[in-house]
Structures are given as C-alpha cells and as structure tokens.
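A.B. asks: My structure is below; once you've seen it, I'll send some questions.
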Amino acid sequence: MPGPIVTEGDRVTLRTVERDDAAHLQRSCTDPRIRHSLGSVHHRSREQQADGIEHWVEDDASVVAVVCVDDEDAPPGRPAADETTPIGSFSARHVDSDRAWLAYWLRPEYTGSGYGRDMATTGIDYVFAQYGVHNVSAAAYDFNEASRGLLAAMGFTEVGRRREARYIDGGYADEVWYDVLRHEWTADRER
C-alpha cells in the first residue's frame, strides 16, 4: 500500500514507497511490456525487490514515488487500499548534485491516457521546487518512441546517443539521452 502523498498532479498522486509496494515495483523488472523499455535485464523476486527498497528508495540522494490514481472521494494523506490504485513509479536520482537523473514507468493498461505526462511533469516540478538541481536528465532506448516523444513534448533536448548501449531481448539498442535545464523548464511551465 503506497504511503502518504509526496505531491499531486492533475490526474495522479505521487506517494511514498513502502516495503509492501515491492510487488507493484517488481513489475518493472518482470513484465516484458515494461522491463524491455527500461532496459531491465535481471529479474528480481519480491523479496529482492523489497530489499532493494532499502537501498535505492531510502537513499537521501533519490526521490522515488509510487504513482497512484486516487478515487475522487479518497481522503487526503493516506487513503485505504481500495481508494487508490498504484499505476507506476517515478524516480529522480542524484538530487543532491546539480544534475538529477529521471526514470519512470506506467503499467501498460494506463499508457496512452495522459497519466505519463502528468506523472513526469508533477515529479519534475517537485524536484525543481525541492532541490537545487540545475537540470534533469533522462534516457530512452531508441525503440521506445512513446518515452522519447514524451520527453521531447515536455521540452527536453536530445543531447547524445550511446550506440548499441544495452543488449535487450535478443538485440542491441541505442540509448538516447535528453536533458532540460531549470530555466528552460520554468519558462515553459510559465507559458
């Protein structure tokens, strides 16, 4: 069950990650509809995922949240399990430096409905509001046109490419790098 609210968007709520969210987070490394886009090559058991929460979620240099869709009548803070639906994950690593690294995913049944953009913009707004980072960087594999399109639509600039960077599902994929500077993000959001 996701924890209390970190921040809210128009359609999604970013909530703290709790140990019992391991089953939800495990999807990112097991479901081939998600894991190939993320470049996950190693499967993890639920116990391994729960142990990983302590390592990468509870790190002060990371912002990690479960992305949820809350029922309209759910109370603020911590609704009951049947009043919120976990639909993905958002993370920004290295928020203690001047350049944060973004990663996100949605369950396949929630893609193409605007949740991805709301999740990403809400999370990035939060990172720029709470941390002194100069830019937010992200990468997407060349075959992941949805994620690449989302980054471009949000004002990210393609800044590089690592050719044949990862062996995924029987072939090598290029990794395309993007970033957005704080002043670019802020100017775009003010329009």
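A.B. asks: Condition first: outside any strand (DSSP E or B) and buried (at least 20 other Cβ atoms within 10 Å of the Cβ). Can you find one or more residues in segment 134-142 that meet it?
C.D. replies: Checking segment 134-142: not a single residue is outside any strand (DSSP E or B) and buried (at least 20 other Cβ atoms within 10 Å of the Cβ).
A.B. asks: Sticking with this structure for a sec: Tell me, yes or no, whether segment 177-187 has at least one residue that is modelled with pLDDT under 95 and touching a strand residue (DSSP E or B) at 6+ places or on another chain (Cβ under 8 Å).
C.D. replies: No, because not a single residue in segment 177-187 is modelled with pLDDT under 95 and touching a strand residue (DSSP E or B) at 6+ places or on another chain (Cβ under 8 Å).
A.B. asks: Moving to a separate point now. Any residue that is under 19 Å from PHE90 (Cα atoms), modelled with pLDDT of 95 or more, in a helix (DSSP H, G or I) and open to solvent by less than 30 Å² (accessible area, probe 1.4 Å) - is there at least one of those in segment 151-168?
C.D. replies: Looking through segment 151-168, at least one residue is under 19 Å from PHE90 (Cα atoms), modelled with pLDDT of 95 or more, in a helix (DSSP H, G or I) and open to solvent by less than 30 Å² (accessible area, probe 1.4 Å).
A.B. asks: Which of the residues spanning segment 15-26 are at pLDDT below 75 and either in contact with a strand residue (DSSP E or B) (Cβ under 8 Å, 6 or more places away or on another chain) or open to solvent by less than 20 Å² (accessible area, probe 1.4 Å) (or both)?
C.D. replies: ALA22, HIS24, LEU25
A.B. asks: A follow-up question, please. Take the residues of segment 100-118 that are over 21 Å from GLU190 (Cβ atoms) and assigned to a helix (DSSP H, G or I): which is most open to solvent (accessible area, probe 1.4 Å)?
C.D. replies: Here the residue is GLU109.
A.B. asks: Among the residues that make up segment 138-161, is at least one of them basic (Lys, Arg) and free of Cβ contacts under 8 Å to residues at least 12 places away in the same chain?
C.D. replies: The answer is no; no qualifying residue exists.
A.B. asks: Can GLU72 be described as modelled with pLDDT under 90, loosely packed, with under 12 Cβ neighbours inside 10 Å and either of a type in the set (S, T, N, Q) or farther than 22 Å from ALA165 by Cβ (or both)?
C.D. replies: Here the answer is yes, as GLU72 does meet what is asked.
A.B. asks: Could you look through segment 169-184, keep only residues that are in a strand (DSSP E or B) and free of Cβ contacts under 8 Å to residues at least 40 places away in the same chain, and pick out the one that is surrounded by the fewest Cβ atoms within 10 Å (Cβ to Cβ)?
C.D. replies: Checking each candidate, the answer is GLY171.
A.B. asks: If we keep just the residues of segment 44-69 that are of a type in the set (Gly, Ala, Ser) and part of a helix (DSSP H, G or I), which is modelled with the highest pLDDT?
C.D. replies: Of everything passing the filter in segment 44-69, GLY52 is modelled with the highest pLDDT.
The values are calculated or read from the model by the stated rules, or taken from the named source; none is laboratory data. Computed from a predicted structure; not experimentally measured. Glycine gets a Cβ as well: all are built from the backbone with ideal geometry, and neighbour counts include every protein chain shown. When the accessible area is computed, the model is the full protein with side chains, heavy atoms only, and any ligands, DNA or RNA have been set aside. Shrake-Rupley method; radii C 1.70, N 1.55, O 1.52, S 1.80 Å.
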